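Since the structure comes first, as structure tokens, the remarks are kept for the end.
The values are calculated or read from the model by the stated rules, or taken from the named source; none is laboratory data. All of these numbers come straight from a predicted model, not from anything done at the bench. Glycine gets a Cβ as well: all are built from the backbone with ideal geometry, and neighbour counts include every protein chain shown. Please note that ligands, DNA and RNA were not included when accessible areas were found on the heavy atoms of the full protein model with its side chains. Shrake-Rupley method; radii C 1.70, N 1.55, O 1.52, S 1.80 Å.
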Amino acid sequence: MTALAGLKVLDVATLFAGPLAATLLGDHGADVIKIEHPRGDPSRTHGASKDGVGLWWKMLGRNKRSITLVLSTPEGQEVFRELAADADVIIENFRPGTLERWGLGPDVLRERNPGLVLARVTGFGQFGPYASRPGFGTLAEAMSGFAAITGEPDGPPTLPPFGLADGVTALTTAFAIMTALRAREQTGRGQDVDMAIIEPLLTVLGPQVIAYDQLGELQPRHGNRSSNNAPRNTYECADGRWVAVSTSAQSIAERVMRLVGRPELIDEPWFAAGWSRAQHADELDEAVGAWIAARDRDEVVAAFEKAEAAVAPIYTAADVLADPQYDALGSIVTVDDDELGPVRFQNVPFRLSETPGAIRTAGPALGRHTAEVLAEHGVDADRLAALRAAGAV
């Protein structure tokens, strides 16, 4: 049994935030139908590929069925309305007004399906002065304040080297969809989800806004350090490998200083709070860094674990695949793929005790399920041929 069995989702979004939200629903049993232009979702050609097959897509397209459909054609629009008539959720990321221009706006779709939940994922939301602008995660990472506080103190604002804003938005969108579905159980009506990519990352940045509002303070860039506690940094070991240390809890900070042979610092008045320890980060980093630099990484990690202090090795993807904790959790799954054979990538990101999710398939070839899905909605071979002749699929 899966938690979302029987839920039908039309994923008509592209790239990362919207499609990843659909992926998360598919992980828990939703029937996710990926609707792509015959050119394919651009994620199919993003990043590394093997034998011409995009590897990012294999992860992002997992647990989905792929069909091709051209929504700018009258024939494609009618097929989409038929698909939407018994769908629970549609996820789209067109510029505001595009679905309406195609005759596929929420009012039209809900004439046939009043309970439809329509999740609309855009850079800046459905209204406001920036609504019509093209929007990507990078812009959200800039405008949320993330880039302004990330990087070295004497360096430029720094962007993440991966789709951070898209990922946070995907998680938020999946939650928003489930909230709307729960409301539907009570009202019988669907609703629109207006998800602006600039907002979820702003939320997880914590007290940046309220600190400025109440104190007029802006957090500067600290590199790997924190303004809330110290020692907190990355440190190089004697064998050239690296570890990260965190002391968010006072008791952990005290254990670290005892471990590195500097217990006298615990008695300093400023050591009693994370924010005041952060003002002495140079002194604390020197103590911790010197101790770590004299030892190999495995020795450092073992000593921290024995002292019940918080440390983690700095991993690459190769390290993740070899780590026993990830292995015990099942965090990496192996899937047999029609195009590439066995592939490994991240598993469902949490475990449910009664209705666990699962990765059933990797991302399928473009349009692999077009005939299958359309047949389920009454499109016979003759009509499918006509749709192909009209350039609608």
What residue among Ala87, Ala174, Ala253 shows peak mean-square fluctuation when the chain is described by a Gaussian network model with Cα springs under 10 Å? Ala253
Under a 10 Å cutoff between Cα atoms, tell me which one of Ala165, Ala294, Ala183 has the largest fluctuation in the Gaussian network model of the chain. Ala294
Positive end of the charge dipole of the chain (Lys, Arg +1 and Asp, Glu -1 on Cβ, about the Cα centre): tell me which of Gly363, Trp275, Leu218 has its Cα farthest that way. Gly363
Per-residue ellipticity at 222 nm attributable to helices in the chain (runs of n ≥ 4 DSSP H, -39500 (n - 2.57) apiece, nearest 500 deg cm²/dmol) works out to -11000 deg cm²/dmol
Output needed for the chain: three equivalent-ellipsoid semi-axes, defined as square roots of 5 times the C-alpha gyration tensor eigenvalues, in descending order, whole Å. 47, 25, 18
Report the gain in length on full extension from Ala183 to Thr316: 0.36 nm times residue separation, minus Cα-Cα distance, nm rounded to one decimal. 43.7 nm
Roughly how many Å² of Ser353 are accessible to a 1.4 Å probe, to the nearest 10? 110 Å²
Using a 1.4 Å probe and counting only protein heavy atoms, arrange His28, His222 so the residue with the most accessible area comes first. His222, His28
Could you work out the relative contact order of the chain, using alpha carbon pairs under 8 angstrom and six or more residues apart, expressed as a whole percent? 19 percent
Quick check: with the 1.4 Å probe, what order do Tyr130, Tyr212 take by accessible area, largest first? Tyr212, Tyr130
Nearest-10 value in Å² for the accessible area of Glu236, using the 1.4 Å probe: 90 Å²
Report, in debye and to the nearest 20, how large the dipole of segment 272-348 comes out about its Cα centre when Lys and Arg carry +1 and Asp and Glu carry -1 on their Cβ. 320 debye
Placing +1 at every Lys and Arg Cβ and -1 at every Asp and Glu Cβ, with all other atoms neutral, what dipole size does segment 232-313 have around its Cα centre, in debye to the nearest 20? 200 debye
Using +1 on the beta carbon of Lys and Arg, -1 on that of Asp and Glu, and nothing else charged, what's the dipole of the chain about the Cα centre, debye to 20? 760 debye
Lysine pairs in the chain with Cα atoms under 23 Å, if 8 or more residues apart or on separate chains: 8
Lys/Arg Cβ at +1, Asp/Glu Cβ at -1, dipole of segment 232-313 taken about the Cα centre: which of Val288, Phe304, Pro263 is farthest positive-ward? Phe304
Quick one: how many Å² of Arg295 are accessible to a 1.4 Å probe, rounded to 10? 60 Å²
Charge-dipole axis of the chain as Lys and Arg at +1 and Asp and Glu at -1 on Cβ define it, positive-most pick from Thr14, Pro349, Thr247: Thr14
Starting from the residue with the highest accessible area, list Phe80, Phe146 in decreasing order, probe 1.4 Å. Phe146, Phe80
Cβ-defined net charge surrounding Ala307, 9 Å radius [Lys, Arg +1; Asp, Glu -1]: +1
Relative contact order of segment 260-393 (C-alpha contacts under 8 Å, at least 6 apart) in percent is 10 percent
